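Visitor: If you scroll down you'll find the structure; I have some questions about it.
The values are calculated or read from the model by the stated rules, or taken from the named source; none is laboratory data. These figures come from a predicted structure and were not determined experimentally. Note that each Cβ is placed from the backbone with ideal geometry, even for glycine, and that neighbours are counted across all protein chains shown. Only protein heavy atoms, including side chains, enter the accessible area calculation; ligands, DNA and RNA are left aside. Shrake-Rupley method; radii C 1.70, N 1.55, O 1.52, S 1.80 Å.
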Amino acid sequence: MKERCPWLKLSNKQYVDYHDKEWGRPVHDDRTLFEFLILEGAQAGLSWETVLNKRDHYRKVFYNFDVKKVSKITPAKIEKLLLDPGIIRNRLKVESTVSNAKFFIEVQKEFGSFDKYIWSFTNGKTIYNTFSSLKDYPSKTELSDKISKDLKKRGFRFVGSTIIYAFLQACGIVQDHSQNCYLHAKKLRKLKS
């Protein structure tokens, strides 16, 4: 059996697939970056497993995370969404999805894409860490503090440093597969050679 990161719940196939096929892989697509930004914010105070189980429904009701469509969601539509058990029905989180879409578009206009903006914090390079156990993983870093502060300055909500660190991990800006995980960068390089 393949060894995986210590935080992973092996009993949930969807979670295992997410770890194996998405988590920590560099993302440069603005739609996917927006999706992860919203889902990580929705997770605040909850488990990632809860959000993952609702992800398909999020994609359905938020137009597959088409940022332009999400930015035009009306207050009436928000009220309907707050009755939908397929998403996390927290008013502030749902409202921030819409307002964050508007600010995301502003970043795209300023930088050409959100991808250029977010990867500029690491000069376009992934940061590779070498953690072994759960206690090694930080909940936030100087980098996540810096990005969180900048996003808040731009008007974004649900972008605290801990949420942003999880976002950086998800999008492969920070690669945090544990040293024992078969997806750790050093092991992947050996497999490819």
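Visitor: Within the range 135-177, can you find the residues that are part of a helix (DSSP H, G or I) and among the hydrophobic types (A, V, I, L, M, F, W, C)?
Guide: The first filter runs over the range 135-177 and keeps only residues part of a helix (DSSP H, G or I), leaving 135-136, 142-153, 161-170.
Hits for the range 135-177 are Leu143, Ile147, Leu151, Ile163, Ile164, Ala166, Phe167, Leu168, Ala170.
Visitor: Of the conditions (1) touching a Leu at 6+ places or on another chain (Cβ under 8 Å); (2) farther than 21 Å from Thr50 by Cβ; (3) open to solvent by 20 Å² or more (accessible area, probe 1.4 Å); (4) assigned to a loop (DSSP other than H, G, I, E, B), Ser132 satisfies every one except a single condition; which number is it?
Guide: Failed condition: (1).
Visitor: Of all the residues that make up the range 48-88, how many are open to solvent by less than 50 Å² (accessible area, probe 1.4 Å), closer than 21 Å to Cys171 by Cα and in a loop (DSSP other than H, G, I, E, B)?
Guide: 1
Visitor: Looking only at residues that are part of a loop (DSSP other than H, G, I, E, B) and at pLDDT 95 or above in the range 27-45, which one is most open to solvent (accessible area, probe 1.4 Å)? First the steps, then the outcome.
Guide: At the first step, the residues of the range 27-45 found to be part of a loop (DSSP other than H, G, I, E, B) are 27-29, 44-45.
Among the residues that remain, those that are also at pLDDT 95 or above are: 27-29.
Details: Val27: 18, His28: 103, Asp29: 75 Å².
Among those residues, the one meeting the criterion is His28.
Visitor: May I ask you to verify whether Lys93 is surrounded by fewer than 16 Cβ atoms within 10 Å (Cβ to Cβ) and part of a helix (DSSP H, G or I)?
Guide: Numbers: surrounded by fewer than 16 Cβ atoms within 10 Å (Cβ to Cβ): no; part of a helix (DSSP H, G or I): yes.
Spelling it out, it is not the case that Lys93 is surrounded by fewer than 16 Cβ atoms within 10 Å (Cβ to Cβ) and part of a helix (DSSP H, G or I).
Visitor: Would you mind telling me which numbered condition in (1) more than 30 Å from Gly112 (Cβ to Cβ); (2) in contact with a helix residue (DSSP H, G or I) (Cβ under 6 Å, 6 or more places away or on another chain); (3) open to solvent by 50 Å² or more (accessible area, probe 1.4 Å) Leu8 fails?
Guide: Here Leu8 meets the rest and fails (3).
Visitor: Further question on the same structure: Among the residues of the range 117-129, count how many are in a helix (DSSP H, G or I) and touching a residue at least 40 places away in the same chain (Cβ under 8 Å).
Guide: Counting residues in the range 117-129 that are in a helix (DSSP H, G or I) and touching a residue at least 40 places away in the same chain (Cβ under 8 Å) gives 2.
Visitor: Mind checking which pairs have a first residue in the range 89-116 that is under 17 Å from Cys171 (Cβ atoms) and a second that is of a type in the set (Val, Ile, Thr) and crowded, with 16+ Cβ neighbours inside 10 Å, Cβ under 6 Å, 6 or more apart or different chains?
Guide: Listed by first residue and then by second, the contacts come to Phe104/Val67; Phe114/Val107.
Visitor: I would also like to ask the following. Which pairs do you get when a residue that is among the hydroxyl-bearing types (Ser, Thr, Tyr), found in the range 171-185, comes within reach of a residue that is outside any loop (DSSP other than H, G, I, E, B) and buried (at least 20 other Cβ atoms within 10 Å of the Cβ), reach meaning Cβ atoms under 6 angstrom, with the pair 6+ apart or on two chains?
Guide: Here the result reads none, with nothing in the range 171-185 linked to a residue that is outside any loop (DSSP other than H, G, I, E, B) and buried (at least 20 other Cβ atoms within 10 Å of the Cβ).
Visitor: Something else: Search the range 143-157 for residues that are farther than 19 Å from Lys102 by Cβ and without any contact (Cβ under 8 Å) to a residue 60 or more places away in the chain and pair each with any residue that is open to solvent by less than 10 Å² (accessible area, probe 1.4 Å) and among the aromatic types (Phe, Trp, Tyr) when their beta-carbon atoms are under 7 Å apart and the residues are at least 6 apart or on different chains.
Guide: The qualifying pairs are Ser144/Tyr165.
Visitor: Another question, if that's okay. Of the numbered conditions (1) more than 25 Å from Ala42 (Cβ to Cβ); (2) open to solvent by less than 80 Å² (accessible area, probe 1.4 Å), Thr141 fails exactly one; give the number of that condition.
Guide: (1)
Visitor: Take the range 115-138 and flag every residue that is at pLDDT below 95 and touching a helix residue (DSSP H, G or I) at 6+ places or on another chain (Cβ under 6 Å).
Guide: Residue satisfying the conditions is Tyr128 alone.
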